[in-house]
Amino acid sequence: MNTPIVELKNVSVKFKMSGGNYYVGLESINLSVDPGEVVAILGPSGAGKSTLLRVITGLLKPSSGEIYYKGKLQTTVNDKMAMVFQNFALFPWKTVSENIALGIKEDIDPAERQKLIAHVIDMIGLEGFEDVYPREISGGMKQRVGFARALVSKPEVLCMDEPFSALDALTAENLREEILDIWSKGNAGLSNIIIVTHNINEAVYMSDDIVILTSNPGSIKAIYHNSLPFPRDQKSSLFLKTVDTIYNVLTANIMPDLPKIEEKEKLAPIPHASVSEIIGLLEVLDDNKGELDLFDLADEIKRDFGTTISIALAAEMLGFVETPSHNVIFTKLGKKFLDADVNERKLIFKDQILKIPLIKAIFDMIVNSEGGTITREECEEFLGGKFPNENSEGLFETVINLSMYAELIDYDSRDEEISLISENV
């Protein structure tokens with residue numbers, strides 16, 4: 001039996017928040033990656049995908065648990081791994097060659113250094129761009145520089161955090177093909193690729209195993225072994241069936257089709273979504289006869305899959321949509337809200353938001369407080385105590401955004417104090 005190239009044992013990550021609370025980013029992660037595999041990490045926003053990748057590379061130390069590389073305990077940044085980021089992360093004052101050179105970790109002879117740089121420039125298709133600056137090249141070429149900088153260090157594991165999401169579809173497709181080609185030929189010394197993605201098609205197209213994360217706290221929901229042979233045809237029935245299977249596993253955890261039980265007193269966190277995102281979702285539904293599949297909706301509103309789910313769930317909490325069988329459907333109230341003028345929208349929004357137990361609880365806190373105000377710190381402490389696995393700062397911002405739109409509360413950002421608008425007192 002082969003020794004795993006990467007193995008995580010009972011790994012958890014906690015982040016200290018304001019007020020002394022902790023946000024659990026990852027909990028009890030157990031994962032084994034065999035040599036020669038491409039592994040995709042998939043999950044909704046806030047599930048800890050990027051956090052998990054940083055733990056694997058050693059860029060982030062876990063709060064508990066152990067990481068092993070080829071059977072040896074990993075305690076520092078792993079120099080056998082290289083990272084490619086979503087936002088290119090290039091130095092604008094350095095040329096393409098100079099940016100690539102930053103990936104060379106060893107102190108080597110200048111001639112050998114240039115030889116290494118020339119090799120990856122040829123491999124990644126950057127010939128003729130050696131002396132230009134990032135501002136002079138396209139997004140696709142910038143990401144090629146990012147790949148070249150990672151590969152020049154001769155890593156055994158290439159880690160990629162949403163590397164294609166900032167690119168147009170055709171450029172992303174070409175780069176995926178080229179990276180898989182480099183890996184499969186072995187001419188860069190690559191053993192494994194680990195990619196964080198929100199794109200199910202991308203995960204199915206590239207990977208041998210798909211690690212599906214769930215959130216609150218971030219943990220492994222399932223690991224799907226992808227047995228489709230290479231090269232993969234994205235239009236084949238088997239490919240589409242695999243995408244549908246992953247889709248159902250992912251959404252079943254986030255949007256389960258279960259009978260709704262009225263528990264008015266039970267507090268639940270509000271999914272992170274702004275008013276403008278909720279209204280944008282409703283407008284897209286209106287343009288599509290009031291119903292869309294979540295996948296299609298994500299494409300329409302130009303958000304990743306996890307963010308789309310959060311917006312849809314927030315809209316559902318407000319009574320504006322329903323989400324049966326992974327579809328998002330307008331309710332009569334949602335249509336009424338969208339067709340209303342600004343003032344009527346605010347009145348509808350206020351009525352609905354006060355039906356959310358968490359908003360009502362914070363409203364009551366303010367009413368019962370001395371002086372009719374509470375501080376941001378007091379509110380975040382309350383949120384952190386009720387939802388220890390949520391990001392209390394992010395949840396606070398969501399509550400404030402929705403409540404201020406409804407003209408329910410006023411927030412003084414300078415003094416960080418929350419009070420009720422006079423007509424609500």
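The values are calculated or read from the model by the stated rules, or taken from the named source; none is laboratory data. This structure is a prediction, so every number in the text was calculated from the model and none was measured. Glycine also receives a Cβ, built like all others from the backbone with ideal geometry; neighbour counts cover every protein chain displayed. For the accessible areas, the whole protein counts, side chains as well, though only heavy atoms, and no ligand, DNA or RNA atoms are used. Shrake-Rupley method; radii C 1.70, N 1.55, O 1.52, S 1.80 Å.
General remarks:
This table checks each residue for (1) under 30 Å from Phe387 (Cβ atoms); (2) open to solvent by less than 60 Å² (accessible area, probe 1.4 Å); (3) at pLDDT below 90.
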{"position": "Gly20", "(1), (2), (3)": "yes, yes, yes"}
{"position": "Gly25", "(1), (2), (3)": "yes, yes, yes"}
{"position": "Val38", "(1), (2), (3)": "no, yes, no"}
{"position": "Ile56", "(1), (2), (3)": "yes, yes, no"}
{"position": "Tyr68", "(1), (2), (3)": "no, yes, no"}
{"position": "Phe88", "(1), (2), (3)": "no, yes, yes"}
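- Checked against (1) outside any loop (DSSP other than H, G, I, E, B); (2) open to solvent by 30 Å² or more (accessible area, probe 1.4 Å); (3) touching a Lys or Arg at 6+ places or on another chain (Cβ under 9 Å), Ile279 passes all but condition (2).
- Any pair with Cβ under 7 angstrom, 6 or more apart, that starts in segment 157-181 at a residue that is in contact (Cβ under 8 Å) with a residue 40 or more places away in the chain and open to solvent by 20 Å² or more (accessible area, probe 1.4 Å) and ends at one that is of a type in the set (Gly, Ala, Ser) and assigned to a helix (DSSP H, G or I): Ala166/Gly139
- Residues satisfying the stated conditions in segment 345-373, i.e. over 32 Å from the mean Cα position of the chain (by Cα) and either on the phi > 0 side of the Ramachandran plot or among the hydrophobic types (A, V, I, L, M, F, W, C) (or both): Leu347, Met365, Ile366, Val367, Gly371, Gly372
- For segment 282-332, taking the residues that are more than 21 Å from the chain's Cα centre (by Cα) and of a type in the set (Phe, Trp, Tyr), the one that is nearest to Tyr405 (Cα to Cα) is identified as Phe320.
Listed here are the residues, each with its yes/no results for (1) in contact with a Cys (Cβ under 7 Å, 6 or more places away or on another chain); (2) under 18 Å from Ile182 (Cβ atoms).
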{"site": "Ile67", "(1), (2)": "no, no"}
{"site": "Gln74", "(1), (2)": "no, no"}
{"site": "Met81", "(1), (2)": "yes, yes"}
{"site": "Ala118", "(1), (2)": "no, yes"}
{"site": "Arg135", "(1), (2)": "no, no"}
{"site": "Gly139", "(1), (2)": "no, no"}
{"site": "Gly146", "(1), (2)": "no, yes"}
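- Condition check for Ile309: in contact with a Pro (Cβ under 9 Å, 6 or more places away or on another chain) and surrounded by 15 or more Cβ atoms within 10 Å (Cβ to Cβ): yes
- Residues of segment 203-235 that are of a type in the set (S, T, N, Q) and open to solvent by 40 Å² or more (accessible area, probe 1.4 Å): Asn216, Ser227, Gln234.
- Candidates Glu173, Glu178: the one that is within 21 Å of the chain's Cα centre (by Cα) and part of a helix (DSSP H, G or I) is Glu173.
- Subset of segment 200-228 (residues that are over 22 Å from Gly25 (Cβ atoms), within 15 Å of the chain's Cα centre (by Cα) and in a loop (DSSP other than H, G, I, E, B)): none
- Filter result for Val120 (under 29 Å from Lys70 (Cβ atoms) and outside any loop (DSSP other than H, G, I, E, B)): yes
- Near pairs, Cβ below 7 angstrom, 6+ apart or cross-chain, from segment 382-397 (under 12 Å from Asn216 (Cβ atoms)) to any residue that is outside any loop (DSSP other than H, G, I, E, B) and open to solvent by 60 Å² or more (accessible area, probe 1.4 Å): Pro388/Tyr22
- In the set (1) over 22 Å from the mean Cα position of the chain (by Cα); (2) surrounded by fewer than 17 Cβ atoms within 10 Å (Cβ to Cβ), the condition left unmet by Ala268 is number (1).
- Only one of Lys332, Lys346 that is within 30 Å of Asp299 (Cα to Cα), of a type in the set (Lys, Arg) and in contact (Cβ under 8 Å) with a residue 60 or more places away in the chain: Lys346
- The helices (runs of 4 or more DSSP H) found entirely in segment 314-403 that carry 3 or more residues being closer than 16 Å to Ile278 by Cα and open to solvent by 10 Å² or more (accessible area, probe 1.4 Å) are 332-339, 342-353.
- Any hit, segment 25-33, residues being in contact with a Phe, Trp or Tyr (Cβ under 9 Å, 6 or more places away or on another chain) and in a loop (DSSP other than H, G, I, E, B): no
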